[in-house]
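The values are calculated or read from the model by the stated rules, or taken from the named source; none is laboratory data. Everything numeric here is computed off the predicted structure, so don't read it as measured data. Glycine also receives a Cβ, built like all others from the backbone with ideal geometry; neighbour counts cover every protein chain displayed.
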Amino acid sequence: MEIISKTKSVCPICLKRIDANKIVGKDGYIYMQKSCFEHGDFETLIWEGDLKSYLDWAKLSKEGLSPTNTKKSEKGCPYDCGLCENHKSESCCVLLELTNRCNLKCPVCFATAGEGVEKDLSLKEIETQFDMLLKRKTRKGLFNIQLSGGEPTLRDDLADIIALGRKKGFSYFQLNTNGVRIAKETGYAKYLKDAGVSSVFLQFDGLRDSTYKILRGIPLLDIKLKAIEYCAKVGLGVVLVPTVTFNVNEDEIGAIIDFAQSKHPAIRGVHFQPLSYFGRCELESRTKITIPRMLKHIEEQSFNKIKASDFSGGGAESPYCSFHASYRRMSDGTFKSLPKKQDQSCCDVSNARNFVSRQWSGPSIVGNTTSCCSTKDPFDEFIENTIRDTFTISGMVFQDAYDLDLERLRRCKICEVDSEYGMVPFCSYNLTNIKGEALYRK
């Protein structure tokens, strides 16, 4: 056993902070090993590749700027989140959970939505959260806002919420949704567009109803397709967000990308999220899908049209949290890989807000923008076409109690907004032990 590095983690049973080692296993892959005095030993696969590939993945990575207006650390990571003085990266985007209500009861849900007492944040509470975010703004501006839940479209005042946020100075509002209301309610996509929604982050787990029955409890494919169609009609950009799950939909990764590219530019990209085991998870398997496994699937299922070498890791966040590549749609309909750049990554805090708002928003004109009567400045039209023709494939590998690495956590740039704690890194806020007990989420 070769120890690569030492870090801190938590016990999956009691969530106490414990020592952890990252090691090379007998199979050559990278594992996290840790031991709790009370609950014993734990070992988790964290990198399905050899040591060289693991170290090479971090070569381009560099730490970002530390956040401003932090709170004093008293108990140590991960118990002082808010953000605390030991956090190493400014946030890029923040989640506002507008409601815990949901119109689904997914067997897999990090927010455990639809359980307990139903609660919507009041407009006053939301305004207080916006004001808190203004005090915590980064050195280069305000955060991108993700309107989340529960299912945020169950509220009828999203237009008021976005108007309030814009009045405060926030400019980008991404809607995290299952798409049910968009598909079922005539004119709702236009309402969202007119309300100022910048892009739709659409739960989209595959192209088989059997996948939705496992992960969402009911068949939903027709709903998803209609939601995409209605968003496209009004020019509302869509990013597909598949929860990739071991032995459920791993074999659909290539088909999802093919489908998304066939609907480009209405679909701006695919953002994969391999399943992490926190919140509500009724699946028996605890096998995690690593970044190398994801990239191998993408390459093989695209028949090598998309290469694993196209991708790079996070910028200001830990490179082991994410992967990203950008492509340009050519005149013949094929997609060409763009050069890797740290400032092109959606995970580099200093450029993330501009990248996401530019790339994931809907194209101003869907389809052919060339016109003999165009009065646009040629350079402006070139920029517009360049943005329109770009397609992204990315992914975020969230941490759970089995593989939580506190060094990675300190570089997290995606935060949940909480009225009591402030800005809490996503993987801290949603962290639960094997009984579903959380540190932060109520």
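Before moving on, here are some points about what is shown:
Yes or no, residue by residue, for (1) assigned to a helix (DSSP H, G or I); (2) among the polar types (S, T, N, Q); (3) touching a Leu at 6+ places or on another chain (Cβ under 6 Å):
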position: 111; (1), (2), (3): no, no, no
position: 126; (1), (2), (3): yes, no, no
position: 150; (1), (2), (3): no, no, no
position: 167; (1), (2), (3): yes, no, no
position: 176; (1), (2), (3): no, yes, no
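- Residue 274 satisfies every condition listed in (1) closer than 27 Å to residue 67 by Cβ; (2) touching a Phe, Trp or Tyr at 6+ places or on another chain (Cβ under 6 Å) except (2).
- Selected residue [touching a residue at least 24 places away in the same chain (Cβ under 8 Å), among the acidic types (Asp, Glu) and crowded, with 17+ Cβ neighbours inside 10 Å] from 38, 48, 63, 2: 48
- Any hit, segment 303-320, residues being at pLDDT 95 or above, part of a loop (DSSP other than H, G, I, E, B) and closer than 19 Å to residue 359 by Cα: yes
- Residue pairs meeting the criteria (Cβ under 7 Å; at least 6 apart or on separate chains; first more than 18 Å from residue 113 (Cα to Cα) and without any contact (Cβ under 8 Å) to a residue 60 or more places away in the chain, in segment 152-168; second in a helix (DSSP H, G or I) and of a type in the set (Val, Ile, Thr)): 164/126
- If you go through segment 191-222 and keep only what is under 24 Å from residue 161 (Cβ atoms) and more than 18 Å from the chain's Cα centre (by Cα), you end up with 191, 192, 193, 194, 195, 196.
- Residues of segment 5-21 classified as touching a residue at least 40 places away in the same chain (Cβ under 8 Å) and out of contact with any Phe, Trp or Tyr (no Cβ under 7 Å at 6 or more places or on another chain), total: 10
- Checking the stated criteria, residue 115 turns out not to satisfy the condition of being among the acidic types (Asp, Glu), in contact with a strand residue (DSSP E or B) (Cβ under 6 Å, 6 or more places away or on another chain) and in a loop (DSSP other than H, G, I, E, B).
- Which numbered condition residue 28 misses (of (1) within 30 Å of residue 123 (Cα to Cα); (2) of a type outside the set (Lys, Arg); (3) free of Cβ contacts under 8 Å to residues at least 24 places away in the same chain): (1)
- Residue check for residue 269: surrounded by fewer than 21 Cβ atoms within 10 Å (Cβ to Cβ), in contact with a Ser or Thr (Cβ under 6 Å, 6 or more places away or on another chain) and not charged (D, E, K, R): no
- Taking the numbered list (1) under 19 Å from the mean Cα position of the chain (by Cα); (2) crowded, with 22+ Cβ neighbours inside 10 Å in turn, residue 81 passes all entries but (1).
- Tally, over segment 107-162, of residues that are out of contact with any Lys or Arg (no Cβ under 9 Å at 6 or more places or on another chain), under 26 Å from residue 278 (Cα atoms) and either among the polar types (S, T, N, Q) or modelled with pLDDT under 95 (or both): 4
- Any hit, segment 48-62, residues being among the polar types (S, T, N, Q) and modelled with pLDDT under 95: yes
- Members of segment 92-112 that are under 17 Å from the mean Cα position of the chain (by Cα) and of a type in the set (D, E, K, R): 97
- Where a residue in segment 196-216 is in contact (Cβ under 8 Å) with a residue 12 or more places away in the chain and on the phi > 0 side of the Ramachandran plot and its partner, wherever it lies, is of a type in the set (A, V, I, L, M, F, W, C) and surrounded by 20 or more Cβ atoms within 10 Å (Cβ to Cβ), with Cβ under 8 Å and at least six apart: 196/162; 196/173; 206/256
- Scanning segment 401-442 for residues that are within 16 Å of the chain's Cα centre (by Cα), among the polar types (S, T, N, Q) and part of a loop (DSSP other than H, G, I, E, B) gives a single hit, 430.
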